[in-house]
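The values are calculated or read from the model by the stated rules, or taken from the named source; none is laboratory data. Just so you know, these numbers come straight off a predicted model, no measurement behind them. Glycine also receives a Cβ, built like all others from the backbone with ideal geometry; neighbour counts cover every protein chain displayed. In case anyone asks, the SASA skips ligands and DNA or RNA and just uses the protein heavy atoms, side chains included. Shrake-Rupley method; radii C 1.70, N 1.55, O 1.52, S 1.80 Å.
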Amino acid sequence: MAEGLARRFYGSEIFVQSAGVHNDLEIDGFAIAVCKEANVSLDRHRSRSFEEMKEWGDDLSSYDLIIALSPASQRLALELTRYAHIDVEYWPILDPTGMGESRAAKLDAYRQTRDQIVERLVQRFGKPRTKNQK
């Protein structure tokens with residue numbers, strides 16, 4: 001969600017690449033649904049891990065900032081960047097997976113996560129630069 005929202009809000013002003021501790025292979029359908037509500041398409045997004053980024057030739061030292069959304073990703077980011085000058089920020093965002101019993105309750109949890117990400121993006125990078133933003 002964070003990558004899709006950042007791309008939608010800031011376009012090519014910032015380069016965004018999401019990665020996690022593990023590759024979940026598929027993007028969660030609830031994440032796709034709540035991002036679609038905000039005019040953000042995750043249909044073509046592909047989940048990747050830090051390890052895959054290294055395997056594909058991404059040089060982490062070319063990044064200025066890593067934003068970790070979980071304690072595990074923060075630990076790994078700090079470990080991977082200990083010899084490079086890259087800032088690592090931790091944003092404690094709600095992990096909605098496994099929350100809620102009904103479809104409506106699950107969607108509400110994902111909306112809460114989406115909205116937390118939006119709030120943090122705006123705090124860190126300013127108001128969205130592209131039109132039609134929520």
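Given (1) out of contact with any helix residue (DSSP H, G or I) (no Cβ under 8 Å at 6 or more places or on another chain); (2) farther than 19 Å from C35 by Cα, identify the lone condition not met by A104. Checking A104 against (1) out of contact with any helix residue (DSSP H, G or I) (no Cβ under 8 Å at 6 or more places or on another chain); (2) farther than 19 Å from C35 by Cα, the one that fails is (2). Scanning region 100-110 for residues that are aliphatic (A, V, I, L, M) and open to solvent by 70 Å² or more (accessible area, probe 1.4 Å) returns no hits. For region 54-83, the tally of residues that are over 17 Å from the mean Cα position of the chain (by Cα) and part of a loop (DSSP other than H, G, I, E, B) stands at 7. Among the residues of region 2-48, those identified as at pLDDT 90 or above, surrounded by 17 or more Cβ atoms within 10 Å (Cβ to Cβ) and not in a helix (DSSP H, G or I) are A38, V40. With respect to E51, is the statement that it is part of a helix (DSSP H, G or I), modelled with pLDDT under 80 and either open to solvent by 40 Å² or more (accessible area, probe 1.4 Å) or of a type in the set (A, V, I, L, M, F, W, C) (or both) true? The answer is yes for E51. Residues in region 121-130 that are open to solvent by less than 70 Å² (accessible area, probe 1.4 Å) and part of a helix (DSSP H, G or I): L121, V122, F125. So which residues in region 54-88 are open to solvent by less than 50 Å² (accessible area, probe 1.4 Å), in contact with a strand residue (DSSP E or B) (Cβ under 7 Å, 6 or more places away or on another chain) and not polar (S, T, N, Q), if there are any at all? Hits for region 54-88 are L65, I66, A68, A77, I86, V88.
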